Amino acid sequence: MAKYGILVDAQWCSGCHSCEVACQMEHGLPVGQTGIKVVKIGPWVIGDEADENWQFSYLPIPTKQCDTCAARRGLGKVPTCVQHCQSQCLEFGRVEDLNAKILAKLEYFNPAGSV
């Protein structure tokens with residue numbers, strides 16, 4: 001039996017929280033509870049001008065409440081967080097297929113034979 005999962009490409013997450021809101025609305029969860037949580041990483045300094053240039057990063061993390069929208073998937077739909085992700089950094093699929101995408105991305109950034 002195939003296993004399914006959600007692939008998060010943290011490189012593209014803008015921190016918009018649309019995945020959180022979509023999850024709360026889909027499942028009728030109260031404020032503060034969600035199946036996916038966007039966390040802010042940082043800040044850290046960019047360059048030599050510590051007073052002016054700061055960078056943040058964001059990472060959507062599924063929580064214990066996430067069931068990958070089993071009811072939606074039963075209807076042939078993707079999880080609501082994936083559907084509503086504005087930056088399209090979330091992807092749902094078979095673990096084998098998602099793993100192949102990760103390996104292809106790693107190969108793109110580090111071609112065989114390069115250092």
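The values are calculated or read from the model by the stated rules, or taken from the named source; none is laboratory data. Since the structure is predicted, the reported quantities are computational estimates derived from the model, not experimental observations. Ideal geometry is used to build each Cβ from the backbone, glycine not excepted, and the neighbour counts take in all protein chains shown. The area values use the complete protein model at the heavy-atom level, side chains included, leaving out ligands, DNA and RNA. Shrake-Rupley method; radii C 1.70, N 1.55, O 1.52, S 1.80 Å.
Below, the figures for the structure above:
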read-out	value
Under 5 Å, built H, 5+ apart or other chain: amide partners of residue 4	95
Distance violations [Cα-Cα > 24 Å] among 37/77; 64/105; 77/105; 3/77	64/105; 77/105
Overall Cα dimensions of segment 66-115, principal axis frame, Å, largest first	45, 23, 17
Per-residue ³J(HN,Hα) for segment 59-75, Karplus 6.51 cos²θ - 1.76 cosθ + 1.60, θ = phi - 60°, Hz, x for Gly and Pro	9, x, 10, x, 9, 5, 7, 6, 10, 6, 6, 3, 5, 5, 5, x, 9
Amide H contacts of residue 37 (H built 1.01 Å from N, under 5 Å, at least 5 apart or other chain)	61, 63
With every protein chain in place, the chain: carbon and sulfur % of accessible area (1.4 Å)	56
Hz values of 3J(HN,Hα) by residue in segment 14-24 - Karplus curve (6.51, -1.76, 1.60), Gly and Pro given as x	9, x, 6, 6, 5, 5, 4, 5, 4, 5, 4
Calculated over segment 1-67: convex hull of Cα atoms, volume per residue (Å³)	114
Viscosity 1.306 mPa s, temperature 10 °C, Stokes-Einstein D of the chain from Kirkwood C-alpha radius, µm²/s	100
Spin-label model distance (nm) - residue 101 vs residue 31, 7 Å beyond Cα toward Cβ	3.3
Equivalent ellipsoid dimensions for segment 31-85 as semi-axes, Å, which come from the Cα gyration tensor, largest first	35, 12, 7
Charge sum, other residues only, whose C-beta stays under 14 Å from residue 95's C-beta, Lys/Arg counted +1 and Asp/Glu -1	0
Solvent-accessible heavy-atom area per residue, rounded to whole Å², over the chain at 1.4 Å	70
Under the Karplus curve 6.51 cos²θ - 1.76 cosθ + 1.60, θ = phi - 60°, whole-Hz ³J(HN,Hα) for segment 79-93, x wherever Gly or Pro sits	x, 4, 5, 5, 4, 9, 5, 5, 8, 6, 8, 10, 9, 10, x
